[in-house]
Amino acid sequence: MRKEQVIENVMKSGLIVVVRAQSAEEAYRITDACLEGGVKLIEITFTVKGAHHVIEELSKKYDEKDLILGAGTVMDEQTARTAILSGAQYIIAPHLDIPTVTMCHRYRVVAMPGCMTPREIAMATEAGVDIVKVFPGEVLGSQFIKAVKGPMPYLNLVVNGGVDENNAKDWIKAGACGVGVGGNITKFAKTGEYKKITATAKQILDSIRKAKEELNG
């Protein structure tokens, strides 16, 4: 899938599910449950043991029209390259690392570095980042999005940290193009309640859809 199509899907869907699993098998089951709930964008974090193998197996199992795979917690350019060669179509990090962004540009893969300040966001944009991850969301609050987009209305911002089924819409209404949700969806894997993962994913997607519809009139 072309880089532009990945960006379009992020903007359209508005939800990336962050998978931090205890094992590869758990990651596969969480992914299946999320797909059943209508999720299209899944981020496999490099805190998962053998994350690049998980990405590789999922990219073989699913067509990209059904699943757009990304890699998360990518701390450096070497890890980014490993993830990309394994099938990751976007790279997400908790921080802004310019060499990692450059590596993504080399392979024409979407980079979403984490930023916490207007200065970091501006630096990311100047480095050619198409979508900036605002992190940690629970610390910054939704009003941060509105404030930053005042002077920089052209920004594409995805929020991660503290997002759940109750507040996802608030981030969208504040001006975020999407949200990343991890534990508030995937926590049910610990008790084997995968149907709850599906239900929660559906609920968040519906909330985002309604918020986008309200914004568009």
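Going through the range 92-122 one residue at a time, which ones are of a type outside the set (A, V, I, L, M, F, W, C) and closer than 13 Å to GLU77 by Cα? Let's see the steps before the verdict.
Let us first name the residues in the range 92-122 that are of a type outside the set (A, V, I, L, M, F, W, C), namely 94-95, 97, 99-100, 102, 105-108, 113-114, 117-120.
Result: HIS95, ASP97, PRO99, THR100, THR102, HIS105, ARG106, TYR107, PRO113.
Got a number for residues in the range 143-166 being of a type in the set (A, V, I, L, M, F, W, C) and assigned to a loop (DSSP other than H, G, I, E, B)? Outline the logic, then answer.
Step one: list which residues in the range 143-166 are of a type in the set (A, V, I, L, M, F, W, C), which gives 144-145, 147-148, 152, 155, 157-159, 163.
Now restrict to residues that are assigned to a loop (DSSP other than H, G, I, E, B): 152, 155, 163.
Of the residues in that region, 3 qualify.
Would you please name the residue that is nearest to the chain's Cα centre (by Cα), looking only at residues in the range 191-217 that are free of Cβ contacts under 8 Å to residues at least 12 places away in the same chain and open to solvent by 50 Å² or more (accessible area, probe 1.4 Å)?
So in the range 191-217, the residues free of Cβ contacts under 8 Å to residues at least 12 places away in the same chain come out as 191-193, 196, 206, 213, 216-217.
Right, trim to open to solvent by 50 Å² or more (accessible area, probe 1.4 Å) and you get 191, 193, 196, 206, 213, 216-217.
Working: THR191: 24, GLU193: 23, LYS196: 20, ASP206: 17, GLU213: 21, ASN216: 23, GLY217: 26 Å.
Restricting to residues being free of Cβ contacts under 8 Å to residues at least 12 places away in the same chain and open to solvent by 50 Å² or more (accessible area, probe 1.4 Å), the top hit is ASP206.
Return the residue satisfying two criteria in turn: it lies in the range 47-62 and is open to solvent by 60 Å² or more (accessible area, probe 1.4 Å) and part of a loop (DSSP other than H, G, I, E, B), and of such residues it is modelled with the highest pLDDT.
Selected residue: THR47.
The values are calculated or read from the model by the stated rules, or taken from the named source; none is laboratory data. Here the structure is a predicted model, which means the values were calculated and not measured. In this analysis, Cβ positions are derived from the backbone assuming ideal geometry, glycine residues included, and neighbour counts consider all displayed protein chains. Just the protein is used for accessible areas: all its heavy atoms, side chains included, with ligands, DNA and RNA removed. Shrake-Rupley method; radii C 1.70, N 1.55, O 1.52, S 1.80 Å.
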